[in-house]
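The values are calculated or read from the model by the stated rules, or taken from the named source; none is laboratory data. Because the structure is a prediction, the values reported are computed rather than measured. Glycine also receives a Cβ, built like all others from the backbone with ideal geometry; neighbour counts cover every protein chain displayed.
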Amino acid sequence: MSRSIRSLATPVVLFLVLSIFAVDSAKAQPGIVGEVLKRMENHYKTLSTLKASVKMEQYTAQLDEHDVREGSLTYIPQKGRDAAFRIDWTKPSSESLSVVNKQYVMYRASLGQAYTGSVNSVKQKGVNGALSIINMSKADLKANFEINYVGQENVSGGTATWHLQLIPKSAASYKNADIWVDADGMPIQMKQTENNNDSTTILLSGLNKNSKIEAKDVQVSVPKGTKIIKS
């Protein structure tokens, strides 16, 4: 998969995620997993908007190369566990991606191009993003994944989290997804490892929750003359 497709697909399908000692006992694990999922569920119910800094690292196993991007996220949960969101990448180059009503727009100012299409068309290519987990209910997670508790870990920036690993119960384009959940039940780091060992890790920081965000704030408007490439 080309880097341009990966940079589009992972956040698209994706957005559309405690201070406790590590426990080795398999018997105790379901209790910890259940508590984390409960906190995630309760947190999602109270989340009306989110603004955050976002860092995405894409690793290409065959080339042993890392591609890192940094920018900002604007996110609005929608009815039915969908979401409208916008990511504005600022490093290493300027690029904007939005998803509204399951339609995406990815605008690359330096090329004068915009990619548009349906989120569903990206899914049909077999690409599933770890960030889609942020929109899943506790029942969905249990139905679709074998969930394992890895332990307590501090992510970059020092935030204490619970680390869970999710292994798909049915055939998927990726081997597993990892999520790091803070004390509030917010997944602040997510990693997807594909079957070819490529991986994408997304870290959220500087969280600003439930501030006023209007619909236009998550839309990407492209300038006149932009070349539109439809999915």
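Listed residues 73, 63; which is modelled with pLDDT of 90 or more and surrounded by 19 or more Cβ atoms within 10 Å (Cβ to Cβ)?
Result: 73 is the single residue among 73, 63 that is modelled with pLDDT of 90 or more and surrounded by 19 or more Cβ atoms within 10 Å (Cβ to Cβ).
Of all residues being over 21 Å from residue 55 (Cβ atoms) and in contact with a helix residue (DSSP H, G or I) (Cβ under 6 Å, 6 or more places away or on another chain) in region 146-168, which is surrounded by the fewest Cβ atoms within 10 Å (Cβ to Cβ)? Just the residue, please.
147
Yes/no per residue for (1) in a strand (DSSP E or B); (2) out of contact with any Cys (no Cβ under 9 Å at 6 or more places or on another chain); (3) of a type in the set (Val, Ile, Thr):
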site	(1), (2), (3)
164	yes, yes, no
167	yes, yes, yes
179	yes, yes, yes
183	no, yes, no
192	yes, yes, no
197	no, yes, no
202	yes, yes, yes
206	yes, yes, no
212	no, yes, no
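Given the residues 123, 91, which is the only one that is among the charged types (D, E, K, R) and modelled with pLDDT of 85 or more?
It is 91.
Out of all the residues in region 61-78, which are under 22 Å from residue 197 (Cα atoms) and touching a Ser or Thr at 6+ places or on another chain (Cβ under 9 Å)?
Across region 61-78, the qualifying residues are 61, 66, 67, 69.
Residues that are of a type in the set (A, V, I, L, M, F, W, C), within 25 Å of residue 156 (Cα to Cα) and in a strand (DSSP E or B): does region 112-124 have at least one?
no
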